[in-house]
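Have a look at the structure below before the remarks.
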Amino acid sequence: MAAAYDAIVLGAGAAGLMCAATAGQLGKRVLLIDHADAPGKKILISGGGRCNFTNLGTVPERFLSANPHFARSALARYTPADFVALVGRHGIAWHEKTLGQLFCDESAKQIVEMLLGECELGGVEIALGAPVTDIEHADARYRLRLGARTVEAPALVIATGGPSIPKLGATGFAYDLARRFGLKVVEPRPALVPLTLGGDEVLFRELSGVSAEVVAKAGKTGFREAALFTHRGLSGPAILQISSYWRHGEPVRIDFLPDRPAGWLRDAKRASPKAGLHRQLAAVLPDRLAETLADRLGLKGELGAQTDGKLQAAEQALAAWPFHPNGTEGFAKAEVTVGGIATARLSSQTMEARDVPGLYAIGEAVDV
């Protein structure tokens, strides 16, 4: 005999825990399953172990999806303020960092404990270390085998996330399951991930450990934050952000001096004609970076010896320095996955598959 539930949720990460808790508190009998031996593993490492649990600037326009409007309904009905209120009810102290990011004062463990507490309030049954070996769908019910145990429910929620950070057990299970039920998958790719450099740009790896505040751009999208040179290429907040928009074959352009007005080098030439370019750059950039950029630009000697045309060209290069990444550090280093289960056949209000009643897809597994 199969144990009967109202809903079975696959995946005890952020989305799965939140879904199970909400359904349980609405009076549903819920089973939450995860093949890992502990819940919320990605939550625990997020925000450097302090969990950046929401952002005050959470609006649909800041989410990436093949359907940019898909997130509107959900975000309108559950806002950052709602989650902050939940955090407050559990007595978790938090603080705001740059750009509206909210972090726990103490530990990401508090967020996992909060979600588990909410699940307990809803009477949710949790099965950990329980890989699903078989899934059947017949007579409007989903039947799953967990080792020697069989469970069933009229609702099945896919919340198993994307393949980023496989060392924590992340896989493409959600995509395989979605395809099995006829849902399409938008090509998954690593995002919020360091970029790697090759060819002539390998020389910039010698700056490993050097960082500077820049504007990083891919296409028409740009982010102003710190960029960090690494032994493999480029990282830091600005690069992680722009990596979600970058595509193979495209350049990433860096404005190393975003606060400098047009003509600043020509003005410097008139004010300090005996100064060199390295000295001008070192006044606002780390010395090793200033030296490398000055060397690459090839303006030898004093500024007074340079033509205005050459100085203008140097300004333009420093404002849109093109890097040509040969790839990323992959899912192993990616914080999230872009792409996933296509939203085209999902309801933006309920997350239910339009053509497969009772099947839901939520969280990072989805193309949002």
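Numbers below:
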read-out: Any hit, the range 106-118, residues being free of Cβ contacts under 8 Å to residues at least 60 places away in the same chain, of a type in the set (Asp, Glu) and surrounded by 12 or more Cβ atoms within 10 Å (Cβ to Cβ); value: yes
read-out: Whichever residue in the range 12-39 is touching a Gly at 6+ places or on another chain (Cβ under 6 Å) and either part of a loop (DSSP other than H, G, I, E, B) or among the small types (Gly, Ala, Ser) (or both) and, among such residues, is surrounded by the fewest Cβ atoms within 10 Å (Cβ to Cβ); value: 37
read-out: Among the candidates 317, 344, residue that is under 30 Å from residue 163 (Cβ atoms) and in a helix (DSSP H, G or I); value: 344
read-out: Residue under evaluation residue 357, criteria (1) in a loop (DSSP other than H, G, I, E, B); (2) within 30 Å of residue 235 (Cβ to Cβ); (3) not hydrophobic (A, V, I, L, M, F, W, C), criterion not met; value: (2)
read-out: Hits in the range 64-96 - residues which are exposed (fewer than 13 other Cβ atoms within 10 Å of the Cβ) and of a type in the set (D, E, K, R); value: 77, 82, 89, 96
read-out: Of all residues in the range 320-341 being open to solvent by less than 50 Å² (accessible area, probe 1.4 Å), in contact with a Ser or Thr (Cβ under 7 Å, 6 or more places away or on another chain) and outside any strand (DSSP E or B), the one that is farthest from residue 185 (Cα to Cα); value: 325
read-out: Residue 260, sole failed condition from (1) closer than 27 Å to residue 282 by Cβ; (2) open to solvent by less than 60 Å² (accessible area, probe 1.4 Å); (3) outside any strand (DSSP E or B); (4) not polar (S, T, N, Q); value: (2)
read-out: Residue that is surrounded by the most Cβ atoms within 10 Å (Cβ to Cβ) [pool: residues in the range 192-239 that are under 19 Å from the mean Cα position of the chain (by Cα) and hydroxyl-bearing (Ser, Thr, Tyr)]; value: 235
read-out: Close pairs (9 angstrom Cβ cut-off, 6 or more residues apart or separate chains): under 15 Å from residue 184 (Cβ atoms) and open to solvent by 70 Å² or more (accessible area, probe 1.4 Å) in the range 344-355, among the basic types (Lys, Arg) and not in a loop (DSSP other than H, G, I, E, B) anywhere; value: 354/345; 355/345
read-out: Of the criteria (1) of a type outside the set (Asp, Glu); (2) modelled with pLDDT under 95; (3) within 30 Å of residue 323 (Cα to Cα); (4) open to solvent by 50 Å² or more (accessible area, probe 1.4 Å), which one residue 133 fails; value: (3)
read-out: Some residue of the range 223-243 being part of a loop (DSSP other than H, G, I, E, B) and without any contact (Cβ under 8 Å) to a residue 24 or more places away in the chain; value: no
read-out: Condition check for residue 254: open to solvent by less than 50 Å² (accessible area, probe 1.4 Å), closer than 30 Å to residue 338 by Cα and not in a strand (DSSP E or B); value: no
read-out: Extreme residue, least open to solvent (accessible area, probe 1.4 Å), among residues of the range 162-177 that are without any contact (Cβ under 8 Å) to a residue 24 or more places away in the chain and assigned to a loop (DSSP other than H, G, I, E, B); value: 172
read-out: Residues satisfying the stated conditions in the range 178-191, i.e. over 21 Å from the mean Cα position of the chain (by Cα) and either among the small types (Gly, Ala, Ser) or open to solvent by 30 Å² or more (accessible area, probe 1.4 Å) (or both); value: 178, 179, 180, 181, 182, 184
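The values are calculated or read from the model by the stated rules, or taken from the named source; none is laboratory data. Being a predicted model, the structure only gives us computed values, none of them experimental. Don't worry about glycine lacking a Cβ; one is built from the backbone with ideal geometry, like all the others, and counts go over all protein chains shown. Just the protein is used for accessible areas: all its heavy atoms, side chains included, with ligands, DNA and RNA removed. Shrake-Rupley method; radii C 1.70, N 1.55, O 1.52, S 1.80 Å.
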